[in-house]
Amino acid sequence: MEEPAAPECRVLSIQSHVVRGYVGNKAASFPLQVLGFEVDTINSVQFSNHTGYTHWKGQVLNAEELQEVYEGLRLNGVTQYDYVLTGYTRDSSFLARVVDIVQELKRQNPRLVYVCDPVLGDKWNGEGSMYVPEELLPVYKDLVVPVADIITPNQFEAELLTGRKIHTQQEAVQVMDMLHSLGPSTVVITSSDLPASRGPDFLITLASHRQVREDGQIQTLRICFELPRVDAVFVGTGDLFAAMLLAWTHLHPNNFKLACEKTVSAMQLVLQRTITSARSESRAEEGLRRLCVHSGWTWGETIISSAGTQDGAEQKGH
């Protein structure tokens, strides 16, 4: 594998877990492990599936439950981390306690980098809406963002955190500067509805990175990517993006542009392979459907095999 992470580079990832699907820790952990990182996970929620489904069930951790889990790590002396990565949560007390934990870990390791994906909501057909409780927004604005080193909001989340609307790239730069002023040295607006110079088939991602030069002057690097739009709806892309940005900024600490290029390249490849896989599965499903009809079976009914066992031809609901 190209440029594996240095041994013992350890990430504490605090975000959601789902039984079905790939979001939160299930979207972030494995790619980081493939790139050589050790990943310890705390699940902010444990749900049957992501909340975009009609129904979802499960548990939401609160501050006391998070502290209990973290205390077990602390008592065993295994809280030496290089990175903290956070994403989806639904409890404001849990989120505030995350800040306490990050601050404690930074006291232990002043070089620790906190990567925050401020999961609040998104825009659908031009209209933005939150998919977490509204009381999380002030916790993010007042407590979380000020201690973060890298944040990866989408356009809607960046607007919520700053109270400023984005209609142009110049306004996006102003919003990123406002976020810089709150604390993070790196701000990436992972997706936006801004018009791309290459036409409506492209999506804009904007990045801004500040660093202090040897002479004490602050240098800011701005990057704009125009990426081909993918004609599909995905979940977990923000979780994967934050994880990949963590990985590639670690592997290329002195080349932010290259780290961003590898992040968006990985995203495009994963999305394209996901579409290819979904289409192959759809064709196979359609082939089975036709076979069932040709053989006189009804799609979705129970098929009795020659061995007497029941093989369910599960009807897909998508």
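Summary table below
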{"item": "Paramagnetic reach from I275 (point 7 Å along Cα→Cβ, amide N under 12 Å) across the range 196-231", "result": "201-203, 228-231"}
{"item": "The chain - percent of accessible surface contributed by carbon and sulfur, probe 1.4 Å", "result": "50 percent"}
{"item": "Accessible area in the full protein assembly, largest first, 1.4 Å probe, for E127, E159", "result": "E127, E159"}
{"item": "Environment charge of A196, counting only residues whose C-beta is closer than 11 Å and scoring Lys/Arg +1, Asp/Glu -1", "result": "-1"}
{"item": "Residue order for W248, W124 - accessible surface, 1.4 angstrom probe, largest first", "result": "W124, W248"}
{"item": "Full-extension gain in nm, Q170 to V34, via 0.36 nm per residue minus C-alpha separation", "result": "45.3 nm"}
{"item": "Extension gain from Q80 to Y53, taking 0.36 nm per residue of separation minus the Cα-Cα distance", "result": "6.0 nm"}
{"item": "1.4 Å probe accessible area per residue over the chain, in Å²", "result": "53 Å²"}
{"item": "Pair R111, R10: separation of 7 Å Cα→Cβ label points (nm)", "result": "1.5 nm"}
{"item": "Additional length obtainable on full extension of the chain from I218 to N62, 0.36 nm per residue less Cα span", "result": "52.3 nm"}
{"item": "Structure-based [θ]222 nm, the chain - -39500 (n - 2.57) summed over DSSP H runs of at least 4, per residue, nearest 500", "result": "-12500 deg cm²/dmol"}
{"item": "Cα centroid separation - the range 209-278 against the range 1-78, whole Å", "result": "20 Å"}
{"item": "Correct option for Cα Rg over 2.2 N^0.38 Å [calculated from the coordinates] among (1) 1.10; (2) 1.16; (3) 0.95", "result": "(1)"}
{"item": "Solvent accessible area, Å² - M178, 1.4 Å probe, full protein context", "result": "60 Å²"}
{"item": "Protection proxy ranking of 225-232, 66-73 - average other beta-carbon atoms within 10 Å, highest first", "result": "66-73, 225-232"}
{"item": "Cα shape, the range 85-207, gyration tensor, a/c 1.5 rule", "result": "prolate"}
{"item": "Heavy-atom accessible area ranking, 1.4 Å probe, most first, across T220, T249", "result": "T220, T249"}
{"item": "Value of relative contact order over the chain, rounded to a whole percent, pairs C-alpha under 8 Å and six or more apart", "result": "13 percent"}
{"item": "In Å², nearest 10: area of I218 left accessible to a 1.4 Å probe", "result": "110 Å²"}
{"item": "Amide H partners (placed H, <5 Å) of G24, local residues excluded", "result": "D239"}
{"item": "Under the span-like rule (Cα at least 30 Å along the axis, Kyte-Doolittle mean at least -1.0), DSSP H helices of the chain", "result": "256-294"}
{"item": "Summed side-chain charge close to N49 - residues other than N49 whose Cβ falls under 12 Å, Lys, Arg +1, Asp, Glu -1", "result": "+3"}
{"item": "P(r), alpha carbons of the range 145-256 - 5 Å bins starting at zero, rounded %", "result": "2, 11, 21, 24, 21, 14, 5, 1, 1, 0"}
{"item": "Residues whose placed amide H lies under 5 Å from that of L112, excluding near-sequence neighbours", "result": "none"}
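The values are calculated or read from the model by the stated rules, or taken from the named source; none is laboratory data. Just so it is clear, the model here is predicted, and its values are computed rather than measured. With ideal geometry, Cβ positions are generated from the backbone for all residues, glycine too; neighbour counts draw on all protein chains shown. Calculation scope for accessible area: heavy atoms of the full protein, side chains included, ligands and nucleic acids excluded. Shrake-Rupley method; radii C 1.70, N 1.55, O 1.52, S 1.80 Å.
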